[in-house]
Structures are given as structure tokens and as C-alpha cells.
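The values are calculated or read from the model by the stated rules, or taken from the named source; none is laboratory data. Note that the structure is predicted; figures quoted are calculated from it, not measured. For neighbour counting, all protein chains shown are included, and Cβ atoms are generated from backbone atoms with ideal geometry for every residue, glycine included.
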Amino acid sequence: MANSAQPIALPNPFAAGCAWIDGKYVPIGEASVPILDTGFVRSDLTYDVASVWEGRFFRLDDHLERFFTGCERLRLIPPLTKAEIRSIMVETVSRSGLREAYVEVIVTRGVPGPGQRDPRLYQPRLYVYAIPYVWIVKPELQARGTDVFVTQNTHRIPSSSVDPTVKNFHWGDFIRGMFEAYDRDAWVPILPDQNGMVTEGPGFNVFAMVDDVLYTPVRGVLEGITRRTAIEIAKDLGIKVAVGEVPVEDLYRSTEIFLTSTAGGVMPVATLDGKPVGNGNPGPVTTKIRDRYWELHSDPNYSHEVDYT
Ligand code: PDG
């Protein structure tokens, strides 16, 4: 072959995603977990997910604060400082080149030594990865609103067993709820607690407009960063917000319902248990909050630029 001095543009090995494990950055497809990690075999971990939109991290420090509070509640000591973890999260995105990313950080209790059973003795392990942005409800479906089912045979796991304010992988109730929803031709479930109060769904919080007040459950839920943003936006817009107990019956008389998550933003609901919510289209309050939510992604008070160089 002829000798050529032409530089060849190699494809970025991190383009599909970049992970940080054991001090090294690896392509997402090569990232793996030791099989004895108690995060995997015991769900003994906490995690958080932040997002990058148009090359900017959204409320990263709020995510990190929640993450560290979660670690403390589980008596998990992260192996690195908040500042170190923050820069690794940024670096995974920067290496991937992804302008729209889903960025997850996990701390597990670790890998027990041979015969060890005392979780106090394990070395906590850190995992970080960035992959392309994830939509719980795809934008095309958000435009018309999604279809939701309130589960009848699945309750949210009680808070006295698993603290929902600490982000966790105990998704048995959610996955069961998802199958219940699919069986009813719905896309996502909303899970009630054992007293018939609305909690949340697989990866999102729930809001409902009832008698011109915007309700969202106070207890039994993750205190979502998107939830917090939606509450701030609603208050700013002069909408009355009530963070309290929300009986499932109230969902059935609501004029608008939307779901909130880092993975998808503010997601309008078109039908509940097969019946239209309001007139069956995304409502005016939902639309205003959703538009403002995306606008804030370029606001320096809420977001900061990723350095991709
Ligand atoms: N409730 C639960 C149980 C969640 O897992 C999430 C977010 C939320 C509420 C909303 O919180 P926030 O607004 O801070 O995102 N979980 C999704 C995981 C998503 C998935 O399904 O992959 C997220 O962090 O994006």
C-alpha cells in the first residue's frame, strides 16, 4: 500500500457512551460490574441521574447533593469527594461528545471478601457513565400525551421498607406495574400506596390539576429535581401548588396530569385508565410548565456548559 501522510479520523470509541470504572474511562460496551458486587446481587446501592441538553448540564449540583444525602441515609461512604465525582461525570460526557446525555452515578456497598457477610466491612465502589439522553415518553408521544394506568394489583413498596427519597434499584413493584399497564394498553403505570394515595411511577413523579390547583404527592416519592423545577416554574407562573396527600380518586377528576423526570422532562398525560384527561390533549398548564422547563436548560442559573475540548 502507498505510504500516505494523510491523518485518518478515527471514530470516537466513546461515541455510544463512556463509563468510569476503577479509575479508568472505558467505552460503554466494555463497562462491566464484578459479579459479587452487592449493588448487583443485593441492590445495596444508591444512584442519581443528571442530564445534559444542548451541551449543558442541568442542575448538576442539586443532583449531587441529593446523591450524597442518599449515601448518608444508607450509611454508604462514597470512595471519592463530591468535587471529584462531579468532574468524572463531566469528563464522561466530554469524552463521549454527547450533546444530549443521560449521566448516571452509582455507589454500591462493594464486593465482600471470601466468607464476609458484614456490609460494614466492604469497600464502597463508584460507577459513572454517560449515554445518549433517555426518554421515558418519546417526544412524538409527548406531543399528543401518553397513556397511563393506575395499578390495581401493585402498590408502591412501603416507605418503611425502602426509603423512596433515596434513589434505588428496588424496581420490583415498578416492573410489575409496567406489565399491568401494558396489559391495559397503557404506556406507563402510576402506583398507589396501600392507603389509596398516589405515589409515583417507574422513573417519574406525578402532577395533577384538580379544581385549578396543581397537586403532587408529598410522601412516598423521590423528591425529583424535575419535580422541584416544575414546582418552581408553576409558582413563578402564579399557579397554585399543593404538595400534599393526593388520593387516587383526585386523579380521576383532574383536568390535566403530567409526569416529571430527568429522563423526558415534563410529560403530558392524554388518557388515564383508557379515558381522556381533560379534553385528551396536553393542557395549558402542562404546556406552559413544559415549555419553561426546556427554556431553563440554557439559563446559567440552572445549567452550565460542558467543555468538550
Ligand atoms: N421517581 C423515581 C422512582 C425515579 O426513579 C425518578 C427519576 C423520579 C421520580 C424523578 O426524579 P428526577 O426528576 O430527579 O429525575 N429516575 C430516572 C431514572 C430513569 C429511568 O427510567 O431510566 C432518572 O433519574 O432519569
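Annotations for the structure displayed:
- Any hit, region 206-227, residues being among the charged types (D, E, K, R) and crowded, with 18+ Cβ neighbours inside 10 Å: yes
- Flag not set for P119, criterion: in contact with a Cys (Cβ under 6 Å, 6 or more places away or on another chain) and either at pLDDT below 95 or more than 29 Å from E256 (Cα to Cα) (or both).
- Set side by side, the residues R228, R292 differ, and just one is under 18 Å from F58 (Cα atoms) and touching a residue at least 60 places away in the same chain (Cβ under 8 Å), which is R228.
- Extreme residue, nearest to S43 (Cα to Cα), among residues of region 171-186 that are away from the ligand (no atom under 13 Å from the Cβ) and either part of a helix (DSSP H, G or I) or not charged (D, E, K, R) (or both): R176
- Scanning region 232-253 for residues that are over 22 Å from the mean Cα position of the chain (by Cα), outside any strand (DSSP E or B) and more than 21 Å from Q194 (Cα to Cα) yields K235, D236, L237, G238, I239.
- Residue pairs whose Cβ atoms lie under 7 Å apart, sitting 6 or more positions apart in sequence or on different chains, and linking a residue in region 250-268 that is near the ligand (Cβ under 9 Å from one of its atoms) and at pLDDT 95 or above to a partner that is assigned to a strand (DSSP E or B) and of a type in the set (S, T, Y), are T262/S51; A263/Y102.
- Screening the candidates A230, A186 for the property of being within 21 Å of T287 (Cβ to Cβ) and either at pLDDT 95 or above or of a type outside the set (D, E, K, R) (or both) yields one hit, A230.
- Residues within region 88-139 that are assigned to a loop (DSSP other than H, G, I, E, B) and within 16 Å of G23 (Cα to Cα), tallied: 3
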